[in-house]
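Right, one structure below, let's go through it.
The values are calculated or read from the model by the stated rules, or taken from the named source; none is laboratory data. Everything quoted here is computed from the prediction, not taken from an experiment. Glycine also receives a Cβ, built like all others from the backbone with ideal geometry; neighbour counts cover every protein chain displayed. Calculation scope for accessible area: heavy atoms of the full protein, side chains included, ligands and nucleic acids excluded. Shrake-Rupley method; radii C 1.70, N 1.55, O 1.52, S 1.80 Å.
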Amino acid sequence: MNSIACAADASVLKNFLASQSVSGVFSQQTVDKQGKATEEPSQGDFKFQKPGKFNWVYQTPYEQVMVCDGKELFVWDKDLNQVTVRNAKGAIPQSPASILFGQDSLDRDWDITQLPDKDGLTLFKLVPKKKDASVKEVIFGFKGENPELLQVNGLMGEKTTLQFKDVKTNERIAPSVFSFVPPKGADVLKVK
């Protein structure tokens, strides 16, 4: 593949990651290094707005809501009626989430390689430049301008794969989507 084509194709990844807002639906599956599922497949929807705001909702098999207002990350487990609150700055950096939601520099923090196309998707591999990163690599798969695949390969051989549908970029998202008020009676745990 010549370098001009590769540079042009990498612009698809960079243009998407430069989007100020993104929404869509997802399905997620995690497997261990032997390929055995470590949890039930899950599904839900997501919205994010840069810098650092997101609303990620797991609808099945268990309801869980993750909301970040840019300062604090709230995780609500409906079954337990428990909310965990963390400082967003410490929860997101140098993770795959920082690629999507953060404001870090893609080129500064990740080495990007285009992989051979597979299943009709244009693939990119991102490897963290920092040695103490929490993941081995992240694979993005695009069909046209929109991502359809995000695969996070962990340091211990585990693999989390997200499939995306109905992705919309740069649409207005109401600010209330990124605020969270713990439900009445919920246990609230603040983690430092």
If you fit an axis through the alpha-carbon atoms of helix 3-17 and take the longest principal axis of the Cα set of the chain, what angle between them do you get, 0 to 90°, nearest 10? 10
In percent, how large is the relative contact order of the chain, given Cα pairs closer than 8 Å and 6 or more residues apart? 24
Run the numbers for Asn81 and Asp166: contour at 0.36 nm per residue of separation, minus the present Cα-Cα distance, in nm. 27.6 nm
Accessible area of the chain with a 1.4 Å probe: how many percent of it is carbon plus sulfur? 51
The aspartates and glutamates whose Cα lies under 17 Å from the Cα of Lys165, excluding any fewer than 8 residues away in the same chain, are Asp45, Asp119, Glu145, Glu148
Using a probe radius of 1.4 Å on heavy atoms only, what accessible surface per residue do you get for the chain? Whole Å² is fine. 58
Per-pair calculated FRET efficiency, R0 = 30 Å: Ser105 and Lys33 via Cβ, rounded to 0.05: 0.45
Rg(Cα) of the chain divided by 2.2 N^0.38 Å? 1.05
PRE zone check, label point 7 Å out along Cα-to-Cβ of Glu40, amide N under 14 Å, scope region 72-86, hits 78-80
